[in-house]
Amino acid sequence: MDSQAHYLQQFANAAHARSAEPSWLRARREAALADFQRLGFPSQKLEDWRYTNVREISETPFVLTTPKTVGSLSSASREALQDPSFDRGPRIVFVNGIFSAELSALDSSPKGLRVESLCAAPQRDTERLIEENLGQHLADNLSSFAALNTALFQDGVFVHLARGLVLEHPIQILHLLDTTLSDGESACFSRNLYLLEPDSHATIVETVLNFGDTRFLCNAITEIVVSRGASLKHVVLQRGNATSLHVSATQVRQDAASRFESISILLGGKLARSDLRSLLNAERAECKMRGLYAACQHQLVDQHTFVSHEKPLCTSEGYYKGILADRAHGVFNGRVIVQPHAQKTSSLQSNKNLLLSDGAEIDSKPELIIHADDVKCAHGSTTGSLSEDSLFYLRSRGLSEDEAKNLLTRAFAAEITALLPSEHLRHRTDAWLTEYFAEHFLSDGNSNKKPIGVTS
């Protein structure tokens with residue numbers, strides 16, 4: 001059975017579970033499935049997928065995940081839930097892409113805030129909002145992964161902030177992807193919808209954690225609407241493993257005087273592809289995209305961003321840093337387009353990469369497409385290795401070679417991690433990075449190298 005026939009069968013198998021869905025949603029699923037049949041999985045002949053081979057995804061017959069009891073969680077998943085950064089504010093938890101009411105903590109949500117399972121949202125007063133927005137903001141040229149997600153998504157998060165609501169604490173969204181709960185190679189399709197009414201302000205922190213040794217595919221789509229005068233800080237912390245395959249896309253629509261800030265940390269994963277797009281749809285909208293990605297061994301991490309300046313007086317900023325070791329491959333493509341009527345646009349874009357070994361590779365392509373004449377735009381990209389002078393200095397002060405490399409690499413990453421909105425998040429991410437880099441630097445058995453100038 002080829003890949004398209006396999007997912008057609010998966011769609012048919014899930015028909016009973018969708019029987020209670022409204023007719024408009026069933027129609028959108030069927031249309032999306034037809035789009036997937038027409039498009040197929042993206043090939044490297046497409047420019048946006050030139051460096052990213054998805055053959056492993058297209059040739060593996062992943063089976064949709066099914067609900068599991070909390071009692072079957074692995075010890076690693078349970079330990080992740082004890083992180084103190086999850087203790088404040090609303091928390092919604094998904095296990096292999098399916099909402100877990102038992103692990104979530106939503107009772108403390110303030111008036112005017114809705115955080116709930118997208119599929120279980122009460123139909124009485126939210127169906128209209130969901131119908132008007134779900135699938136209506138995705139760009140026409142997003143890949144067939146978006147179409148497949150629309151056809152098959154099992155669950156996700158619906159967030160709605162009332163006009164003028166200002167949240168004191170972040171909304172916590174936790175995805176536990178645990179293959180010890182699956183029978184064979186599984187896939188989850190997550191769908192999120194965040195709607196911020198005028199003058200509302202929020203921080204949303206999404207944490208995605210992989211556990212287990214079996215291949216697992218996560219295909220996630222998020223649509224965000226930031227209305228006039230509203231502000232959203234969106235933080236994504238993704239920690240993959242040697243068998244995880246992640247494909248995600250986030251589409252943002254910004255209205256007048258809105259502010260959207262994205263901070264993403266993509267750490268590991270056999271394949272991690274992330275698309276982040278923002279449409280600046282009215283004057284004085286502001287968009288900031290900052291991120292860090294890291295990979296080692298034969299991992300592939302692919303970060304695509306796109307900002308479209310549609311109206312005058314808008315600003316955007318993109319700043320991404322990559323750390324690649326062993327034979328890892330990194331891809332960065334950041335595209336900014338300034339439309340003819342978007343005068344007084346200001347846009348800056350930068351990509352910096354650190355290669356820790358001769359076998360690591362980065363393909364970096366920042367782009368500016370400008371159709372207006374009164375703009376201030378710049379972009380750039382740099383790639384290099386650790387400074388030999390800095391390594392020598394640290395080793396002469398008593399550090400081993402591995403310790404010096406670890407310290408310099410963490411310092412390179414700290415410019416992004418310092419932007420995280422809480423001390424708990426910064427501590428957690430720093431611990432991840434420390435563990436990640438230590439494993440790499442000490443993997444060759446050279447942890448006993450003596451510092452320069454130190455004798456036994």
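Sort through ASP358, ASP374, ASP326 and tell me the only one that's more than 23 Å from THR250 (Cβ to Cβ) and touching a helix residue (DSSP H, G or I) at 6+ places or on another chain (Cβ under 9 Å).
Details: ASP358 fails: touching a helix residue (DSSP H, G or I) at 6+ places or on another chain (Cβ under 9 Å); ASP374 fails: touching a helix residue (DSSP H, G or I) at 6+ places or on another chain (Cβ under 9 Å).
On inspection, the qualifying residue turns out to be ASP326.
Cβ-Cβ under 8 Å, sequence separation 6+ or interchain: first residue in the range 29-49 and in the same structural domain as ASP155 (by TED's automatic domain parsing), partner of a type in the set (Lys, Arg) and surrounded by 13 or more Cβ atoms within 10 Å (Cβ to Cβ). Which pairs?
Close Cβ pairs satisfying both conditions: ARG29/ARG18; GLN44/ARG50.
Within the range 144-175, work out how many residues are within 30 Å of GLN37 (Cα to Cα) and out of contact with any Phe, Trp or Tyr (no Cβ under 7 Å at 6 or more places or on another chain).
At the first step, the residues of the range 144-175 found to be within 30 Å of GLN37 (Cα to Cα) are 144-158, 175.
This time we only want the ones that are out of contact with any Phe, Trp or Tyr (no Cβ under 7 Å at 6 or more places or on another chain), so: 145-146, 150, 156-158.
So the answer is 6.
Go through the residues of the range 267-275 one by one and say whether even a single one is part of a strand (DSSP E or B) and modelled with pLDDT under 95.
In the first step, residues of the range 267-275 are kept if they are part of a strand (DSSP E or B); the result is 267, 271-275.
Still in the list and also modelled with pLDDT under 95: 267.
For the range 267-275, residues part of a strand (DSSP E or B) and modelled with pLDDT under 95: present.
Quick one: is ASN281 surrounded by fewer than 24 Cβ atoms within 10 Å (Cβ to Cβ), in the same structural domain as GLU56 (by TED's automatic domain parsing) and either aliphatic (A, V, I, L, M) or in contact with a Pro (Cβ under 9 Å, 6 or more places away or on another chain) (or both)? Give the steps one after another, and end with the answer.
Numbers: surrounded by fewer than 24 Cβ atoms within 10 Å (Cβ to Cβ): yes; in the same structural domain as GLU56 (by TED's automatic domain parsing): yes; either aliphatic (A, V, I, L, M) or in contact with a Pro (Cβ under 9 Å, 6 or more places away or on another chain) (or both): no.
So ASN281 fails the test.
Just checking, how many residues over the range 377-391 are in contact with a strand residue (DSSP E or B) (Cβ under 6 Å, 6 or more places away or on another chain) and of a type in the set (Gly, Ala, Ser)?
In the first step, residues of the range 377-391 are kept if they are in contact with a strand residue (DSSP E or B) (Cβ under 6 Å, 6 or more places away or on another chain); the result is 377-383, 385.
Still in the list and also of a type in the set (Gly, Ala, Ser): 378, 380-381, 385.
Qualifying residue count for the region: 4.
Looking only at the range 7-46, filter to residues that are part of a helix (DSSP H, G or I) and in contact with a strand residue (DSSP E or B) (Cβ under 9 Å, 6 or more places away or on another chain); which one of those is surrounded by the most Cβ atoms within 10 Å (Cβ to Cβ)? Break it down into steps so the answer makes sense when it comes.
At the first step, the residues of the range 7-46 found to be part of a helix (DSSP H, G or I) are 7-13, 16-18, 23-39.
Still in the running and in contact with a strand residue (DSSP E or B) (Cβ under 9 Å, 6 or more places away or on another chain): 10, 13.
Details: GLN10: 18, ASN13: 11.
Looking at residues that are part of a helix (DSSP H, G or I) and in contact with a strand residue (DSSP E or B) (Cβ under 9 Å, 6 or more places away or on another chain), I get GLN10.
For SER350, all conditions in the list (1) crowded, with 19+ Cβ neighbours inside 10 Å; (2) under 19 Å from ALA414 (Cα atoms); (3) not aliphatic (A, V, I, L, M) hold save one; what is the number of the exception?
(1)
For the range 72-167, which strands (runs of 3 or more DSSP E) that fit wholly inside it have 1 or more residues that are among the β-branched types (Val, Ile, Thr) and either without any contact (Cβ under 8 Å) to a residue 24 or more places away in the chain or closer than 30 Å to ASN281 by Cβ (or both)?
Output list reads 91-95, 113-117, 157-161.
For the range 313-342, how many residues are more than 18 Å from GLN297 (Cα to Cα) and out of contact with any strand residue (DSSP E or B) (no Cβ under 7 Å at 6 or more places or on another chain)?
We begin by selecting, within the range 313-342, every residue more than 18 Å from GLN297 (Cα to Cα); these are 313-321, 332-342.
Okay, now just the ones that are also out of contact with any strand residue (DSSP E or B) (no Cβ under 7 Å at 6 or more places or on another chain), so 313, 340-341.
Qualifying residue count, the range 313-342: 3.
Every residue in the range 222-277 that is in contact with a Cys (Cβ under 8 Å, 6 or more places away or on another chain) and either of a type in the set (A, V, I, L, M, F, W, C) or closer than 19 Å to GLU56 by Cβ (or both), please.
Once the filter is applied, which keeps residues that are in contact with a Cys (Cβ under 8 Å, 6 or more places away or on another chain) and either of a type in the set (A, V, I, L, M, F, W, C) or closer than 19 Å to GLU56 by Cβ (or both), the range 222-277 yields SER244, LEU245, HIS246, VAL247, SER248, VAL252, PHE260, GLY268.
To keep it simple, each residue is scored yes or no on (1) within 15 Å of the chain's Cα centre (by Cα); (2) of a type outside the set (Gly, Ala, Ser).
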| residue | (1), (2) |
| --- | --- |
| SER264 | yes, no |
| ASP275 | yes, yes |
| GLN299 | no, yes |
| PHE306 | yes, yes |
| LYS311 | no, yes |
| PRO340 | no, yes |
| LEU355 | no, yes |
| SER364 | no, no |
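State which residue pairs qualify: first residue not assigned by TED's automatic domain parsing to the domain that holds VAL338 and in a strand (DSSP E or B) and inside the range 362-381, second residue surrounded by fewer than 16 Cβ atoms within 10 Å (Cβ to Cβ) and not hydrophobic (A, V, I, L, M, F, W, C) in any location, beta carbons under 6 Å apart, and separation of 6 or more residues or different chains.
none
How about the range 71-113: which of its residues are surrounded by 14 or more Cβ atoms within 10 Å (Cβ to Cβ), within 29 Å of ALA14 (Cα to Cα) and modelled with pLDDT under 80?
Within the range 71-113, LEU73, SER74, SER77 qualify.
Working only within the range 367-382, note down all residues that are over 20 Å from LYS311 (Cα atoms) and surrounded by fewer than 13 Cβ atoms within 10 Å (Cβ to Cβ).
Residues of the range 367-382 that are over 20 Å from LYS311 (Cα atoms), as a first pass: 379-382.
Those that are over 20 Å from LYS311 (Cα atoms) and surrounded by fewer than 13 Cβ atoms within 10 Å (Cβ to Cβ): GLY380, THR382.
Looking at this structure, is PRO84 outside the structural domain of SER422 (by TED's automatic domain parsing) and in contact with an Asp or Glu (Cβ under 8 Å, 6 or more places away or on another chain)? Steps first, answer last, please.
On the way: outside the structural domain of SER422 (by TED's automatic domain parsing): yes; in contact with an Asp or Glu (Cβ under 8 Å, 6 or more places away or on another chain): no.
No.
Check whether at least one residue in the range 53-64 is acidic (Asp, Glu), assigned to a helix (DSSP H, G or I) and farther than 26 Å from ASP275 by Cβ, and report yes or no.
no
On the basis of being farther than 30 Å from LEU33 by Cβ and of a type outside the set (A, V, I, L, M), does ARG128 make the cut? Can you show your working first?
Numbers: farther than 30 Å from LEU33 by Cβ: no; of a type outside the set (A, V, I, L, M): yes.
No.
Spot the failing condition for SER385; the list is (1) crowded, with 16+ Cβ neighbours inside 10 Å; (2) touching a Leu at 6+ places or on another chain (Cβ under 8 Å), and only one is missed.
(1)
The values are calculated or read from the model by the stated rules, or taken from the named source; none is laboratory data. Computed from a prediction, not measured in an experiment: that's the story for all the values here. Quick reminder, even Gly has a Cβ in these numbers, built from the backbone with ideal geometry, and neighbours come from all protein chains shown.
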